[in-house]
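Where a number appears in this text, it was derived from the coordinates with a stated rule and is not lab data. Computed from a predicted structure; not experimentally measured. Quick reminder, even Gly has a Cβ in these numbers, built from the backbone with ideal geometry, and neighbours come from all protein chains shown.
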Amino acid sequence: EAQVTQNPRYLITVTGKKLTVTCSQNMNHEYMSWYRQDPGLGLRQIYYSMNVEVTDKGDVPEGYKVSRKEKRNFPLILESPSPNQTSLYFCASSLSRTGELFFGEGSRLTVL
Amino acid sequence: AQRVTQPEKLLSVFKGAPVELKCNYSYSGSPELFWYVQYSRQRLQLLLRHISRESIKGFTADLNKGETSFHLKKPFAQEEDSAMYYCASLSGNKLTFGGGTRVLVKP
């Protein structure tokens, strides 16, 4: 089944403890992106990647890192999480930057 | 930075009534605009895009460059239309979403 898979789906952690949220797609999509969803603010783009080894900042990149070493994977790294990074995170992919975005199920992160 | 505004956080309508979700964008170039929808317990998914000029599930959206709007409309709402709707604008390589509108269709 063609899909975008995120892990973990739920995570509670503490301030400063590095964590990684993985994202994998099996559709051979070139474009991948991370969003965070907060009440009243909709989805805000964190980082995106046009292809392997090509990444760029979105609107809210502070406190996050990404890498794209393989086409199918686009992990989101929080080196030193803080409580203001408590949010619902979505990974998405598309064939191209103008194509339909396919979303993962979301990862709910709580930073205490 | 481009901005997408959805002024209504919540729209509550009765089944069979028309529904219109407003969306305004700030991009001054030639925008590519989308509507995404998230039904309960489902993933966010594409509903329609302006370049397709198609009607999906009875919904249509017209791009009005003069008013920089891309409102989503359906003449007769159904209960299964209850969902969260997001307008989005593509500028360069960035897709910017609005804050979302929750639609509740009452029986």
TODO: Counting other beta carbons within 10 Å of each Cβ, put A:I46, A:I12 in order, fewest first.
DONE: A:I12, A:I46
Open item on the list: Looking at chain B, I'd like the Rg to Rh ratio, where Rg is from alpha-carbon atoms and Rh is Kirkwood's inverse mean 1/r.
Closed with: 0.95
Task: Histogram of C-alpha separations across chain A, 5 Å bin width, % - done: 2, 13, 25, 27, 19, 10, 4, 1
Open item on the list: Within a 10 angstrom radius of the beta carbon, how do A:W34, B:W35 rank from fewest other beta carbons to most?
Closed with: B:W35, A:W34
Open item on the list: Whole percent per 10 Å bin, from 0 to the bin with the longest distance: what is P(r) over all C-alpha pairs of the protein assembly as shown?
Closed with: 8, 34, 35, 19, 4, 0
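Enumerate by residue number the trypsin sites (Lys or Arg not before Pro) in region A:32-112 meeting two conditions: DSSP loop (anything except H, G, I, E, B), and at most 11 other Cβ atoms within 10 Å of the site's Cβ.
Working: sites: A:R36, A:R44, A:K57, A:K65, A:R68, A:K69, A:K71, A:R72, A:R97, A:R108; in loops: A:R68, A:K69, A:K71, A:R72, A:R97.
Taking region A:32-112 and a limit of 11 other Cβ atoms within 10 Å, the loop trypsin sites (Lys or Arg not before Pro) found are A:K69.
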Task: Charge dipole (debye, nearest 20) of region B:10-71; +1 at Cβ of Lys and Arg, -1 at Cβ of Asp and Glu - done: 300 debye
Open item on the list: For chain A, set up a GNM with springs between Cα atoms under 10 Å and report which of A:L76, A:L19, A:L88 has the largest fluctuation.
Closed with: A:L19
Task: Karplus-derived 3J(HN,Hα), 6.51/-1.76/1.60, for each residue of region A:13-19, Hz, glycine and proline x - done: 9, 10, 3, x, 8, 4, 9
TODO: Just tell me which lysines come within less than 26 Å, Cα to Cα, of A:K57; anything on the same chain fewer than 8 places away is out.
DONE: A:K17, A:K18, A:K65, A:K69, A:K71, B:K94
- [ ] May I ask you to list the trypsin sites (Lys or Arg not before Pro) in region B:62-107 that are in a DSSP loop and have at most 15 other Cβ atoms within 10 Å of their Cβ?
- [x] B:K65
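By the scheme Lys and Arg +1, Asp and Glu -1, what is the net charge of all other residues having a beta-carbon under 15 Å from that of A:E1? Could the numbers behind the result be given before it?
Values: positive: A:R72, B:R43; negative: A:E105.
Surrounding charge for A:E1 is +1.
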